[in-house]
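The values are calculated or read from the model by the stated rules, or taken from the named source; none is laboratory data. Predicted, not measured: the structure shown is a model, and the values here were computed from it. For neighbour counting, all protein chains shown are included, and Cβ atoms are generated from backbone atoms with ideal geometry for every residue, glycine included.
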Amino acid sequence: MIGQVFTVFFGAVLVHNFVLARFLGVCPYVGVSRQIKPALGMGAAVVFVMTIASSVTWLVYYHLLAPGQGNVWFRIAGRGFPSPDAYDLTFLTTIAFILVIASLVQFVEMVIQKVSPALHGALGIYLPLITTNCAVLGVAVLNINTFFGKSGPVPGSFWKSLVQGVGAGVGFTLALVLMAGIRERLDEADLPPSLSGAPIAFVTAALMSLAFMGFTGFA
């Protein structure tokens, strides 16, 4: 079990990095990677949201949406009446997950605004945009697709989903901080006018993605 958990974490951070391998969450990755401090703040917020969202969405999916013995509607109705298959609400998965993520992001935004107004101002519009960050929704959906079978969740699926959420957030933060460090150095470099700004940022992101391909096959 420990080996499987390590494999899931290592794979989410390096092998299947959500930004550089799955190309999810590219907007905040490019927008907030100008300086290391805002990048660390955004990364910490994303790690928190992904971790909590992975656990909450697992509970919502298995106990509210998916048919079977774990469905709370089946337990309320009573054992054997009606069939647990009658409560298949998985078509609401995307809406339910977005509501969970939006609530978490609102909570994180209020905390950051209270604790560090300067960081809140530095993150700007990208902090509330975590709600629509496809990387956060992507890890929640991927947990369901990876750790759920036709007969229900695979053994240890809750902890694997939680670890994958943490790993995805750490991988996002790693990519964001590395990009910020490179861009801070590029701001002091003598670049051709045609490459200044967004062009060199996208070239750098492409080279980083190629570098992370070296981890392919490890997990």
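With the structure loaded, tell me whether T146 is over 18 Å from Y61 (Cβ atoms), in a helix (DSSP H, G or I) and of a type in the set (S, T, N, Q) or whether it fails that test.
Working: over 18 Å from Y61 (Cβ atoms): no; in a helix (DSSP H, G or I): yes; of a type in the set (S, T, N, Q): yes.
No: the conditions fail for T146.
If you take the residues in region 138-160 that are within 18 Å of L24 (Cα to Cα) and small (G, A, S), which one is surrounded by the most Cβ atoms within 10 Å (Cβ to Cβ)?
Of the residues in region 138-160, the ones within 18 Å of L24 (Cα to Cα) are 138-146.
Okay, now just the ones that are also small (G, A, S), so 138, 140.
Values: G138: 17, A140: 29.
Taking the candidates together, the pick is A140.
Out of contact with any Phe, Trp or Tyr (no Cβ under 6 Å at 6 or more places or on another chain), assigned to a loop (DSSP other than H, G, I, E, B) and among the polar types (S, T, N, Q), is that true of S209? Before you say what the answer is, go through the steps one by one.
Working: out of contact with any Phe, Trp or Tyr (no Cβ under 6 Å at 6 or more places or on another chain): yes; assigned to a loop (DSSP other than H, G, I, E, B): no; among the polar types (S, T, N, Q): yes.
For S209, the condition - out of contact with any Phe, Trp or Tyr (no Cβ under 6 Å at 6 or more places or on another chain), assigned to a loop (DSSP other than H, G, I, E, B) and among the polar types (S, T, N, Q) - is not met.
What are the residue pairs meeting all of these: first residue in region 95-124, first residue assigned to a helix (DSSP H, G or I), second residue at pLDDT below 85 and of a type in the set (S, T, N, Q), Cβ atoms under 7 Å, and 6 or more apart or on different chains?
Within 7 Å, the pairs are I101/T131; A102/T131; V105/T131; H120/Q113.
With the condition kept exactly as written, say whether any residue in region 179-190 is surrounded by fewer than 19 Cβ atoms within 10 Å (Cβ to Cβ) and over 18 Å from Q35 (Cα atoms).
Checked region 179-190: at least one residue is surrounded by fewer than 19 Cβ atoms within 10 Å (Cβ to Cβ) and over 18 Å from Q35 (Cα atoms).
Identify, from the list A96, A21, A86, the residue that is at pLDDT below 85, farther than 30 Å from A118 by Cβ, out of contact with any Lys or Arg (no Cβ under 7 Å at 6 or more places or on another chain) and among the small types (G, A, S). Quick ask: steps written out before the conclusion?
Working: A96 fails: at pLDDT below 85; A21 fails: at pLDDT below 85.
Just one listed residue meets the conditions, A86.
Counting just the residues of region 150-180 that are out of contact with any Ser or Thr (no Cβ under 9 Å at 6 or more places or on another chain) and at pLDDT below 90, which one comes out nearest to N133 (Cα to Cα)? Even if it seems obvious, please write down each step before you answer.
Pass one, region 150-180, residues out of contact with any Ser or Thr (no Cβ under 9 Å at 6 or more places or on another chain): 150-152, 155-156, 159, 167, 170-174.
With at pLDDT below 90 added as a condition, the list becomes 150-152, 155-156, 159.
Numbers: K150: 28, S151: 30, G152: 28, P155: 29, G156: 27, W159: 23 Å.
Here the residue is W159.
Checking V163 against (1) more than 13 Å from the chain's Cα centre (by Cα); (2) closer than 25 Å to H63 by Cβ: exactly one of these is not met. Which one?
Every listed condition holds for V163 apart from (1).
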